[in-house]
1. Using helices alone, what [θ] at 222 nm do you get for the chain, with -39,500 (n - 2.57) per DSSP H run of 4 or more residues, divided over all residues and rounded to the nearest 500?
2. Per the 1.4 Å probe, what fraction of the accessible area of the chain, in percent, lies on carbon and sulfur atoms?
3. Answer with one residue from Gln29, Ser5, Asn16: the one whose Cα lies farthest towards the positive end of the charge dipole of the chain, charges on Cβ with Lys, Arg +1 and Asp, Glu -1.
4. Just one of [x] 30, 64, 6; [y] 20, 37, 39, 4; [z] 17, 26, 19, 22, 13, 4 is P(r) over Cα pairs in 10 Å bins from 0, in percent as worked out from the coordinates here. Which one is it?
5. Using heavy-atom solvent-accessible surface (probe 1.4 Å) with all chains present, what is the largest-first order of Val40, Val20?
6. Dipole of the chain, Cα-centred, from +1 at each Lys and Arg C-beta and -1 at each Asp and Glu C-beta, to the nearest 20 debye?
7. Starting from the 7 Å offset along Cα-to-Cβ, what nm value, one decimal, do you get for the label separation of Thr11 and Leu27?
8. Among the chymotrypsin sites (Phe, Trp or Tyr not before Pro) within the chain, which fall in a DSSP loop and have no more than 13 other Cβ atoms within 10 Å of their own Cβ?
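The values are calculated or read from the model by the stated rules, or taken from the named source; none is laboratory data. Computed from a predicted structure; not experimentally measured. Here the Cβ positions follow ideal geometry from the backbone for every residue, glycine too, while neighbour counts run over all protein chains shown. With ligands, DNA and RNA removed, areas are computed over all heavy atoms of the protein, side chains included. Shrake-Rupley method; radii C 1.70, N 1.55, O 1.52, S 1.80 Å.
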Amino acid sequence: MLTDSRYNQHTGKYANIMEVGATGNTLEQCINSMKYLSAVMNEILK
């Protein structure tokens with residue numbers, strides 16, 4: 001669903017929101033997925 005909400009994304013040129021997990025995920029699953037996301041982001045942002 002698209003909304004008009006900005007969530008402070010207008011405060012910076014490269015602002016971004018990354019949401020991890022959903023109501024069906026455990027905290028452990030979310031934390032484990034961050035290992036892979038952080039590795040990819042590290043390579044992209046070098």
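1. After summing the helix terms and dividing by the residues of the chain, the value is -14000 deg cm²/dmol.
2. Values: 2570 of 4640 Å².
Carbon and sulfur together cover 55 percent of it.
3. The one lying farthest along the dipole's positive direction is Asn16.
4. [y]
5. On the way: Val40 80, Val20 60 Å².
If we order Val40, Val20 from most to least accessible, we get Val40, Val20.
6. Approximately 200 debye in magnitude.
7. Placing both labels 7 Å beyond Cα along the Cβ direction yields 2.5 nm.
8. Working: sites: Tyr7, Tyr14, Tyr36; in loops: Tyr7, Tyr14.
Hits after loop and neighbour filter: Tyr7, Tyr14.
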